[in-house]
1. In segment 251-260, what residues are among the aromatic types (Phe, Trp, Tyr) and surrounded by fewer than 23 Cβ atoms within 10 Å (Cβ to Cβ)?
2. Just give me the residues in segment 56-91 being aliphatic (A, V, I, L, M) and either surrounded by fewer than 20 Cβ atoms within 10 Å (Cβ to Cβ) or under 22 Å from Trp175 (Cβ atoms) (or both), in sequence order.
3. Restricting to segment 128-167, name every residue that is farther than 26 Å from Gly71 by Cβ and at pLDDT below 90.
4. Only one of (1) at pLDDT below 95; (2) of a type outside the set (Asp, Glu); (3) more than 30 Å from Asn124 (Cα to Cα) is not met by Val186, so which one is it?
5. Of all residues being crowded, with 19+ Cβ neighbours inside 10 Å and among the β-branched types (Val, Ile, Thr) in segment 195-223, which is farthest from Arg48 (Cα to Cα)? Just the residue, please.
6. Which numbered condition trips up Ala241, out of (1) in contact with a Phe, Trp or Tyr (Cβ under 9 Å, 6 or more places away or on another chain); (2) surrounded by 15 or more Cβ atoms within 10 Å (Cβ to Cβ)?
7. Considering each residue of segment 92-110, count those that are buried (at least 18 other Cβ atoms within 10 Å of the Cβ) and either in contact with a His (Cβ under 9 Å, 6 or more places away or on another chain) or at pLDDT below 95 (or both), and give that number.
Amino acid sequence: MRRLLVYLPLCLVTAPGSSPSAPPVADPAFARPADDGKPLPTEAQMKRLAETDPIAFLETCIRRYDREVKGYRCTLHKQERLEGKLQPSEVMDVQFREEPFSVLLDWREGARMAKKTLYAKGENKDRVLVKPAGLLAIAGVVERDPNGEDARKGSRVPITDFGIEIGTEHTLGSWKKALAQNALHVEYLGEMKVKEAGDRMCWKLRRTRFKAPEDIDGVTDLTIYVDKATWLQVGSTLKSADGQLLGEYFFRDIELNPEFKPGTFTREAVGR
């Protein structure tokens with residue numbers, strides 16, 4: 001039992017983009033879009049941006065998020081290919097707060113070694129708290145390095161990069177870099193009801209013809225789904241050049257700006 005706990009991998013997750021690691025702060029492609037304070041576009045204008053200017057479309061999604069979203073509860077479905085092997089699907093309950101940055105994940109389905117994980121920036125020595133799954137739960141809550149080897153084996157990205165907005169920022173940064181190289185090819189594929197995102201009506205955009213594979217696992221095909229009502233990137237599918245699924249992520253049942261109960265982002269909450 002003790003030996004297993006030493007090597008307990010972190011089954012962590014972030015909202016997807018096109019980068020599995022935090023970009024350098026000095027990289028202008030990943031700079032947060034400045035908010036000019038002007039009124040947001042209408043739905044019709046957003047559709048037009050999706051059709052003609054995907055960069056401005058994503059920047060506007062981020063501006064609205066910054067103005068309106070402080071946190072959320074939701075259900076997240078993910079499936080990832082790790083070290084060349086496609087992992088089983090996972091479904092988890094998410095509680096997320098922007099300030100201070102806090103993430104609590106509780107697996108409903110597909111839990112491997114972790115049943116719950118918590119990262120609260122500035123708390124717990126900036127470590128991730130983990131409640132092991134199954135029989136290992138007898139050990140209680142354990143701590144792990146969010147950027148350690150265990151975390152890299154457990155997910156494409158660390159929990160410190162979790163968030164719908166961070167996923168959109170990574171997508172935007174990747175697209176801006178491609179545009180600067182005259183290599184951005186994004187097709188607007190219209191509006192569709194996305195079952196995996198709770199049957200939300202979404203705008204669908206797909207980027208292909210990458211100049212070179214991106215990320216450590218070679219992404220060359222990215223499809224994103226942006227909720228028409230909230231402008232949140234609620235779905236993403238990443239594939240390799242040979243069509244293999246590298247990762248898919250869908251958010252549903254999103255409750256924006258909930259009142260979190262006292263103690264939600266604490267060690268006690270992980271242990272329950």
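1. Within segment 251-260, Phe260 is the sole residue that qualifies.
2. Across segment 56-91, the qualifying residues are Ala56, Leu58, Ile62, Val69, Leu82, Leu86, Val91.
3. Gly134, Leu135, Leu136, Ala137, Ile138, Ala139, Gly140, Gly148, Glu149, Asp150, Arg152, Lys153
4. It is condition (1) that Val186 fails.
5. Result: Val219.
6. Here Ala241 clears every test but (2).
7. Matching residues across segment 92-110 total 1.
Each row is one residue, and each column tells you yes or no for (1) without any contact (Cβ under 8 Å) to a residue 12 or more places away in the chain; (2) in contact with a helix residue (DSSP H, G or I) (Cβ under 9 Å, 6 or more places away or on another chain); (3) in a helix (DSSP H, G or I).
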position	(1), (2), (3)
Ile224	no, yes, no
Thr230	no, yes, no
Leu238	no, no, no
Asp242	yes, no, no
Gly247	no, no, no
Glu255	no, no, no
Phe260	no, no, no
Thr264	no, no, no
Val270	no, no, yes
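The values are calculated or read from the model by the stated rules, or taken from the named source; none is laboratory data. Keep in mind that this is a model prediction, so the values were computed, not measured. Backbone-built Cβ (ideal geometry, glycine too); neighbour counts: all protein chains shown.
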